[in-house]
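Report on the structure given below.
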Amino acid sequence: MTLEERNKKKQSTIIDVRTREEFSGGHVAGSINIPLNEIQERFEELKNLKSPLILCCASRNRSGQAQHYLSQKEIDCHNGGS
């Protein structure tokens with residue numbers, strides 16, 4: 001099952017951690033844009049989303065950083081890569 005199919009069936013939430021500019025240039029259908037530099041300040045919002053959270057970016061770097069932080073906070077999340 002693709003990320004888009006899983007998201008459409010409400011079995012997860014896809015979070016795109018790229019900048020707003022990158023997101024507006026194209027993104028996974030149904031994904032939510034929460035740039036990496038906003039992850040900490042939007043933690044309450046993130047913990048209330050349907051888990052698991054599937055984190056994506058352009059190269060797996062930023063999504064990996066977000067996954068590391070959120071996992072330490074006991075949020076069910078996965079680095080979905082690019």
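The numbers here are math on the coordinates, done by the rules we state, and not lab data. Given the structure is predicted, the values throughout are model-derived calculations rather than measurements. Using ideal geometry, Cβ is built from the backbone for each residue, glycine included, and neighbour counts are taken over all protein chains shown.
Details
- Each residue of the range 38-46 was assigned a 3J(HN,Hα) from its phi angle through the Karplus expression (A = 6.51, B = -1.76, C = 1.60, θ = phi - 60°), giving 10, 4, 5, 6, 10, 4, 4, 5, 5 Hz with x at Gly and Pro.
- Highest average first, the peptides 34-40, 69-75 ordered by how many other beta carbon atoms sit within 10 Å of their residues are 34-40, 69-75.
- From helices alone, the chain scores -8500 deg cm²/dmol at 222 nm; the rule is -39500 (n - 2.57) for each run of n ≥ 4 DSSP H residues, then divide by the residue total.
- Contact order, relative form, for the range 3-81: 31 percent (alpha carbon pairs under 8 Å, 6 or more residues apart, mean separation divided by residue count).
- Taking the Cα centre of the range 3-81 as reference, the dipole from Cβ charges on Lys and Arg (+1) and Asp and Glu (-1) amounts to some 220 debye.
- Residue with peak Gaussian network fluctuation, the chain [Cα springs, cutoff 10 Å], from ILE32, ILE54, ILE14: ILE32
- Furthest towards positive pole of dipole, SER63, PRO35, PRO52, structure part the chain, Cβ charges: PRO52
- Annotated for the chain: lysine pairs at least 8 residues apart or interchain, Cα distance under 16 Å, count 6.
- Integer Hz, Karplus 6.51/-1.76/1.60 couplings in order for the range 58-73, x for Gly and Pro: 8, 9, 6, 6, 5, 5, x, 5, 5, 4, 4, 4, 5, 5, 5, 8
- Distance histogram in 10 Å bins (all Cα pairs of the chain, percent per bin): 20, 59, 21, 0
- Charged neighbours of GLN67, selected by a Cβ distance under 14 Å, balance to 0 (K, R count +1; D, E count -1).
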